[in-house]
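All remarks here apply to the structure that follows.
The values are calculated or read from the model by the stated rules, or taken from the named source; none is laboratory data. A quick note: this is a predicted structure, and the numbers were derived from the prediction, not measured. Note that each Cβ is placed from the backbone with ideal geometry, even for glycine, and that neighbours are counted across all protein chains shown. Heavy atoms of the whole protein, side chains included, go into the accessibility calculation; ligands, DNA and RNA do not. Shrake-Rupley method; radii C 1.70, N 1.55, O 1.52, S 1.80 Å.
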Amino acid sequence: MSLTLGWLTEHKELTGVVMGTAFGVTARLLMLRSDYRQYPAYPHGKVIHIALGIIASALGAVAVPALYDKDYTALTFLTLAAQQFREVRNMERGTLTAIDELELVPRGAAYIEGISVVFEGRNYLSIFAAFLVSLAVMATSWWGGLIAGACCFAVVFRFMRGTTIAHIAHVEKAEVRLDGPDLYVGDVYIMNVGLDENREIIANEGMGFILTPKNDDAKVTLSNLGQRQAILHDVSTRLGVLRDDGDPALLPIGKLALKSGKLGLLVLPREKDQDKAYKALTGVPLLEAAVRRPTKANRKSTEGSAHG
């Protein structure tokens with residue numbers, strides 16, 4: 001055991017590269033999950049992202065010994081890696097956009113862009129983890145790499161959690177009611193339903209929810225059409241959707257109460273389970289492209305005026 005530890009200490013460069021690559025790949029594996037959305041697909045979609053994670057980790061780990069030897073061309077390889085990962089983002093965007101045309105309830109452009117950014121960003125996190133572990137080994141020893149790796153895993157788990165609808169809105173079940181052809185969820189007007197057949201389906205199978213924003217920033221975020229589409233897609237993916245192509249009146253829909261900022265949702269699930277629907281709604285991720293914080297801008301403007 002002592003001989004092995006001594007060998008690791010003596011061969012710092014090789015130890016740094018191996019440990020850095022191992023921790024970087026492990027970080028990428030922890031961030032690569034196929035959940036109810038089944039994306040990336042198993043196994044071929046995962047193979048692509050694991051392979052890219054290995055490449056990213058190896059580049060990050062090798063860069064440190066190269067820089068220690070004053071071989072600054074290593075930075076060029078990191079730049080090339082960044083260009084390749086931007087291509088990954090474009091690849092994911094193109095794939096998801098093509099798939100989205102075949103969805104009964106589409107993801108929407110904002111959700112697709114969010115997923116693409118996440119896949120690109122997680123490759124950078126792999127490089128970051130591998131680089132730090134390799135740097136810690138070179139600066140100290142193998143035990144420094146272990147400490148740095150543990151810290152990197154803590155950062156990875158923080159980035160995996162993210163924020164959801166539950167952070168910005170209260171979700172509650174609401175009555176679906178029809179006043180002639182006018183459809184309401186709670187007190188939020190949804191749409192006009194012309195056909196008696198569609199009204200009967202909605203009355204019997206529809207589920208309604210009201211999302212009440214917790215603050216003014218949340219009102220603006222919930223009003224974003226991309227965020228609303230993401231909510232409808234996720235709920236429909238979890239519970240199914242009671243419609244076929246060519247049934248626009250049976251498409252899940254979200255409408256705002258303009259005065260209060262509340263969002264009324266109508267869904268037509270195949271599995272009419274209120275608890276599962278509630279969990280699905282509260283777990284919908286907040287899209288980076290949809291989040292707005294106008295109150296912070298107003299506060300800064302007020303402070304600037306006061307100082308002026």
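So which of ALA289, ALA257, ALA249, ALA203 is over 22 Å from GLY186 (Cα atoms) and hydrophobic (A, V, I, L, M, F, W, C)?
Numbers: ALA257 fails: over 22 Å from GLY186 (Cα atoms); ALA249 fails: over 22 Å from GLY186 (Cα atoms); ALA203 fails: over 22 Å from GLY186 (Cα atoms).
Exactly one residue qualifies, and that residue is ALA289.
Quick one: in region 112-126, which of the residues that are open to solvent by 40 Å² or more (accessible area, probe 1.4 Å) and closer than 23 Å to LEU222 by Cα is modelled with the highest pLDDT? Write out each step before concluding.
Kept after step one, since they are open to solvent by 40 Å² or more (accessible area, probe 1.4 Å), are these residues of region 112-126: 113, 117-118, 122, 124.
Going one step further and asking which of them are closer than 23 Å to LEU222 by Cα, we end up with 113, 117-118.
Values: GLU113: 88, VAL117: 85, VAL118: 83.
Once the filter is applied, the top-ranked residue is GLU113.
Residue under question is LEU102, and the condition is that it be under 21 Å from LYS12 (Cα atoms) and either open to solvent by 60 Å² or more (accessible area, probe 1.4 Å) or of a type in the set (A, V, I, L, M) (or both); does it hold? Walk me through it before giving the result.
On the way: under 21 Å from LYS12 (Cα atoms): no; either open to solvent by 60 Å² or more (accessible area, probe 1.4 Å) or of a type in the set (A, V, I, L, M) (or both): yes.
So LEU102 does not fit the description; no.
Give the residue that is most open to solvent (accessible area, probe 1.4 Å), with candidates limited to residues of region 259-280 that are over 22 Å from ALA110 (Cα atoms) and in a loop (DSSP other than H, G, I, E, B).
Here the answer is LYS259.
Just to verify a result, which residue in region 127-164, among those that are small (Gly, Ala, Ser) and free of Cβ contacts under 8 Å to residues at least 12 places away in the same chain, is least open to solvent (accessible area, probe 1.4 Å)?
So the first thing to find is which residues in region 127-164 are small (Gly, Ala, Ser), and the list is 129-130, 134, 136, 139, 141, 144-145, 148-150, 154, 162.
Then drop every residue that is not free of Cβ contacts under 8 Å to residues at least 12 places away in the same chain, which leaves 139, 144, 150, 154.
Values: ALA139: 68, GLY144: 8, ALA150: 59, ALA154: 63 Å².
For region 127-164, the residue satisfying everything is GLY144.
So which residues in region 11-28 are modelled with pLDDT under 85, assigned to a helix (DSSP H, G or I) and open to solvent by 60 Å² or more (accessible area, probe 1.4 Å)?
LYS12, GLU13, LEU14
Which of the residues spanning region 118-174 are more than 28 Å from ILE231 (Cβ to Cβ) and among the acidic types (Asp, Glu)?
Hits for region 118-174: nothing passes.
Any idea which of (1) touching a residue at least 40 places away in the same chain (Cβ under 8 Å); (2) within 20 Å of GLY283 (Cβ to Cβ) is the one ASP187 doesn't satisfy?
For ASP187, the exception is condition (2).
Count, please, the residues in region 33-63 that happen to be modelled with pLDDT under 80, polar (S, T, N, Q) and open to solvent by less than 80 Å² (accessible area, probe 1.4 Å).
1
Just for region 165-181: of the residues that are part of a strand (DSSP E or B) and of a type in the set (A, V, I, L, M, F, W, C), which one is most open to solvent (accessible area, probe 1.4 Å)? Can you show your working first?
The first filter runs over region 165-181 and keeps only residues part of a strand (DSSP E or B), leaving 169-174, 176-179.
Narrowing the set further to residues that are of a type in the set (A, V, I, L, M, F, W, C) leaves 169, 171, 174, 176, 178.
Numbers: ALA169: 5, VAL171: 21, ALA174: 12, VAL176: 32, LEU178: 60 Å².
Among those that are part of a strand (DSSP E or B) and of a type in the set (A, V, I, L, M, F, W, C), it is LEU178.
Please work out which residue is surrounded by the most Cβ atoms within 10 Å (Cβ to Cβ), limiting yourself to region 182-224 and to residues that are among the charged types (D, E, K, R) and either in a loop (DSSP other than H, G, I, E, B) or within 28 Å of the chain's Cα centre (by Cα) (or both). Walk me through it before giving the result.
Narrowing region 182-224 to residues among the charged types (D, E, K, R): 182, 187, 196-197, 199-200, 205, 214, 216-217, 219.
Retained after the next criterion (residues that are either in a loop (DSSP other than H, G, I, E, B) or within 28 Å of the chain's Cα centre (by Cα) (or both)): 187, 214, 216-217, 219.
Details: ASP187: 13, LYS214: 12, ASP216: 14, ASP217: 16, LYS219: 20.
Per the stated criteria, the residue is LYS219.
Which ones in region 229-247 are open to solvent by 50 Å² or more (accessible area, probe 1.4 Å) and of a type in the set (Ser, Thr, Tyr)?
THR237
Please state which one of ALA74, ALA81, ALA109, ALA66 is surrounded by 15 or more Cβ atoms within 10 Å (Cβ to Cβ) and modelled with pLDDT of 85 or more. Working first, answer last.
Numbers: ALA74 fails: modelled with pLDDT of 85 or more; ALA81 fails: modelled with pLDDT of 85 or more; ALA66 fails: modelled with pLDDT of 85 or more.
Step by step, each of ALA74, ALA81, ALA109, ALA66 is checked, and only ALA109 is surrounded by 15 or more Cβ atoms within 10 Å (Cβ to Cβ) and modelled with pLDDT of 85 or more.
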